[in-house]
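Chemist: Supplied in C-alpha cells, the structure appears directly below.
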Amino acid sequence: MLIYKIVLVVVVFSISLFIAMYSTYAERKVAAFMQDRIGPDRAGPFGILQPVADGVKMFMKEEFIPNASDKMLFIMGPCIAMFTACISSAVIPWGGILTIAGHQVSLQIADVNIGILYVFGVVSMGVYGVMIGGWASNNKYSLLGAIRASSQLISYEISMGLAIISVIMVSGTVSIKTIVEQQPGAHWYVFVQPLSFLIFLICAFAETNRTPFDLPECETELVGGYHTEYSSMKLGFYLFAEYINMFVSSAVMASLYFGGYNFPFIHSFGLSPNLVTILGTVLFFGKIFAFIFFFMWVRWTVPRFRYDQLMRLGWKVLIPLAILNILITGVVMMVK
C-alpha cells in the first residue's frame with residue numbers, strides 16, 4: 001500500500017505539473033480564438049511543443065539576482081509559492097476505489113477528515129511566497145505588488161471561507177471525500193447552494209490572481225508586480241504556481257459543488273467497479289478542464305478592476321452575501 005501511495009503521489013504531482021505546463025498553451029490558443037488569431041503554431045504540429053520550448057527557454061535564461069536584494073529570501077519566495085501550490089492537491093479525491101491485484105486502492109493521496117481546512121491552511125501559506133518575493137527584491141514595484149497581493153488574498157480568503165461554511169452546514173462534514181460521496185448522480189450541491197458557489201467562484205479568481213483580479217502583477221501599473229526582478233526558473237516557479245492554483249481551485253469547485261467524480265446514471269449501465277472508477281475520474285477531469293476554460297474565457301473578456309473596486313467587492317459585497325447565505329441556510333435547516 002505504501003508503494004501504491006508513493007506512485008499515486010508521483011502521478012498526481014506529475015499530472016499537476018503537466019496540466020500547468022499545457023495550460024499556458026491552452027490559454028494562448030483560447031486567447032487566439034477569442035481575438036480571431038492563430039496562436040502558437042511553430043513548435044511541433046499545431047504548436048503542441050510550445051510549452052516544452054518555453055520550459056527550455058526558462059532553464060536556459062540567465063539567472064539574475066539583484067545585488068540589493070535579500071538573496072536567501074529572494075530564493076525562498078518562488079519555492080514557497082510552488083511548494084504550497086503542489087501540496088494543496090493532496091486531499092482531493094480524484095476517483096473512487098480501484099482494485100489492483102486484489103488490493104483496494106483509493107485515488108486520493110490523503111483521506112483526512114479535515115480536507116477543507118487543510119486546503120485553506122495550505123492556500124493561506126502561499127501568501128508568504130508572494131510577500132517574501134516582493135519584499136526581498138528591494139524593488140518598489142515589487143513591494144507594491146506584494147502588498148496588493150497579500151491584502152487581496154487575505155480579504156478574499158475570508159469570503160471564500162464563509163461561502164464554504166454553508167456547504168459544511170448542509171453536508172455536516174469538512175472531509176472533501178465525504179462531501180463528494182454525498183452528491184451521487186446529479187444531486188450536486190451547486191443546486192442546493194448556488195449563492196455559495198457564485199461567491200466561491202469569484203474568490204477563486206482573486207485567489208489565483210486571474211483577471212479581473214490580477215492587480216498584484218498589473219503590467220500597466222507595476223511593470224511585473226511582485227515578480228518584476230525574477231528571471232529564469234524562479235520566474236517560472238511563480239508562473240507555474242499560478243496555473244497549478246487554477247487547476248487545484250477548479251478541482252475543489254468540482255468536488256464541493258459538482259459532485260467530483262460522480263456523474264448521472266453512474267450505476268445504470270452495469271459497468272464493473274473499476275470501469276466506473278476510471279470513467280468517474282475522466283469525467284472529473286472534464287469538469288476541471290471546463291472550469292479552467294472558464295478562467296481563460298473571463299481573462300480575455302472582462303476588463304481589470306481598479307484596486308478600490310476590488311477591495312470594495314470583497315469587503316462590502318461578498319462578505320455580507322456569504323454571511324446572509326449562512327443565515328438563510330441555518331433557517332432552512334431549522335424549518336426542515
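Chemist: Scanning for something among the hydroxyl-bearing types (Ser, Thr, Tyr) and open to solvent by 20 Å² or more (accessible area, probe 1.4 Å), does the range 278-289 turn up at least one residue?
Modeler: yes
Chemist: Moving to a separate point now. Quick check, is Phe293 modelled with pLDDT of 90 or more, of a type in the set (A, V, I, L, M, F, W, C) and either surrounded by 17 or more Cβ atoms within 10 Å (Cβ to Cβ) or closer than 21 Å to Phe197 by Cβ (or both)?
Modeler: yes
Chemist: I'd like the full set of residues that are farther than 16 Å from Val130 by Cα and open to solvent by 20 Å² or more (accessible area, probe 1.4 Å), limited to the range 67-97.
Modeler: Selection gives Asn67, Ala68, Ile87, Ile97.
Chemist: Condition test on Ile266, is it part of a loop (DSSP other than H, G, I, E, B), open to solvent by less than 40 Å² (accessible area, probe 1.4 Å) and of a type outside the set (D, E, K, R)?
Modeler: Judged against the criteria, Ile266 is a match.
Chemist: Picking from Phe64, Phe13, which residue would you name as being open to solvent by 80 Å² or more (accessible area, probe 1.4 Å) and either under 30 Å from Ser106 (Cα atoms) or in contact (Cβ under 8 Å) with a residue 60 or more places away in the chain (or both)?
Modeler: Phe64
Chemist: Can Asn139 be described as crowded, with 21+ Cβ neighbours inside 10 Å and farther than 24 Å from Phe295 by Cβ?
Modeler: yes
Chemist: Within the range 82-111, track down each residue that is over 17 Å from Lys287 (Cα atoms), small (Gly, Ala, Ser) and assigned to a loop (DSSP other than H, G, I, E, B).
Modeler: The answer is Ser88, Ala90, Ala101, Gly102, Ala110.
Chemist: Let me confirm something: among Ser159, Ser124, Ser166, which residue is closer than 24 Å to Tyr243 by Cα and touching a residue at least 40 places away in the same chain (Cβ under 8 Å)?
Modeler: It is Ser159.
Chemist: Pairs, please: C-beta under 8 Å, at least 6 apart or cross-chain, first residue farther than 17 Å from Val190 by Cα and in the range 320-333, second crowded, with 18+ Cβ neighbours inside 10 Å and not charged (D, E, K, R)?
Modeler: Correct list of pairs: Ile323/Leu162.
Chemist: Please enumerate the residues belonging to the range 27-38 that are surrounded by fewer than 18 Cβ atoms within 10 Å (Cβ to Cβ), assigned to a helix (DSSP H, G or I) and in contact (Cβ under 8 Å) with a residue 40 or more places away in the chain.
Modeler: Ala31, Met34
Chemist: Sticking with this structure for a sec: So which residues in the range 98-123 are of a type in the set (Gly, Ala, Ser) and crowded, with 21+ Cβ neighbours inside 10 Å?
Modeler: Passing the criteria: only Gly115.
Chemist: Now a separate question. Could you count how many residues in the range 41-73 are assigned to a helix (DSSP H, G or I) and on the phi > 0 side of the Ramachandran plot?
Modeler: 2
The values are calculated or read from the model by the stated rules, or taken from the named source; none is laboratory data. These numbers were taken from a predicted model, which means no experiment stands behind them. Here the Cβ is made from the backbone with ideal geometry for all residues, glycine too, and neighbour counts use every protein chain on show. Calculation scope for accessible area: heavy atoms of the full protein, side chains included, ligands and nucleic acids excluded. Shrake-Rupley method; radii C 1.70, N 1.55, O 1.52, S 1.80 Å.
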